[in-house]
Amino acid sequence: MAQGDPSMPKKCTALIALPALKAHWLTGIGTVFKTYIMYSGNPSSYNEENSAKLGEIWNLPFVKGKTKLVLVDALYTLCDKGPQPDPRYKWAYNGLIAGTDPVAVETVSLQILNEKRKAMRGEPWPLSPPPLCVEAADKMYKLGTSQMKEIKIEHFGWKQDLLL
């Protein structure tokens, strides 16, 4: 699909979101909810304090309800300074995060990033700016759940350093 061309998803009956797990210097996290940002018509309007509005992109008529699978590439992730890779903050997580609920997948992704950041510093190291989009996608846009206790996680394969 040509990035940013809204006519492409209009032709699709189903979409698969394939983001990479990464922190983002403008939105806190740059994983699931930034997937369709180029279709918004104004990507920069979703940065910093406006990142809470990222969920509205998933409700645009040409993408709403079409995402059938979210598959996050968490093989080699980035826990700070993204989206540009900084070797100081990259690590081999060796995982994939899959689900049909984009908010749940983003919540799990956020949990992994936060746990890695805490492990690196030995204390909580909150993302900056805070990833407002996750809770907003749940509460404002009703795209899924952001409550870890409501998310069923099944682990397959590699179990070392899960951070969950």
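Set side by side, the residues Leu143, Leu162 differ, and just one is part of a loop (DSSP other than H, G, I, E, B) and surrounded by 20 or more Cβ atoms within 10 Å (Cβ to Cβ), which is Leu143. Only one of the numbered conditions (1) under 18 Å from Val32 (Cβ atoms); (2) in contact with a Lys or Arg (Cβ under 9 Å, 6 or more places away or on another chain); (3) touching a residue at least 24 places away in the same chain (Cβ under 8 Å); (4) not small (Gly, Ala, Ser) is violated by Asp161, and that is (1).
Residues being buried (at least 20 other Cβ atoms within 10 Å of the Cβ), under 23 Å from Leu132 (Cβ atoms), touching a residue at least 12 places away in the same chain (Cβ under 8 Å) and of a type in the set (Phe, Trp, Tyr) are entirely absent from region 76-94.
Tell me whether region 29-38 contains one or more residues that are modelled with pLDDT under 90 and either closer than 16 Å to Ile57 by Cβ or among the charged types (D, E, K, R) (or both). Yes, region 29-38 contains at least one residue that is modelled with pLDDT under 90 and either closer than 16 Å to Ile57 by Cβ or among the charged types (D, E, K, R) (or both).
Scanning region 8-23 turns up one or more residues that are under 17 Å from Leu132 (Cβ atoms), modelled with pLDDT of 95 or more and crowded, with 19+ Cβ neighbours inside 10 Å. Given the criteria over 23 Å from Trp58 (Cα atoms) and aliphatic (A, V, I, L, M), does Leu163 qualify? For Leu163, the condition - over 23 Å from Trp58 (Cα atoms) and aliphatic (A, V, I, L, M) - is met. In summary, strands (runs of 3 or more DSSP E) completely within region 1-88 and bearing 2 or more residues that are among the β-branched types (Val, Ile, Thr) occur at 67-78.
The values are calculated or read from the model by the stated rules, or taken from the named source; none is laboratory data. The structure presented is a predicted model; accordingly, all values stated were derived computationally and were not measured. Every residue, glycine among them, receives a Cβ derived from its backbone with ideal geometry; neighbour counts consider all protein chains shown.
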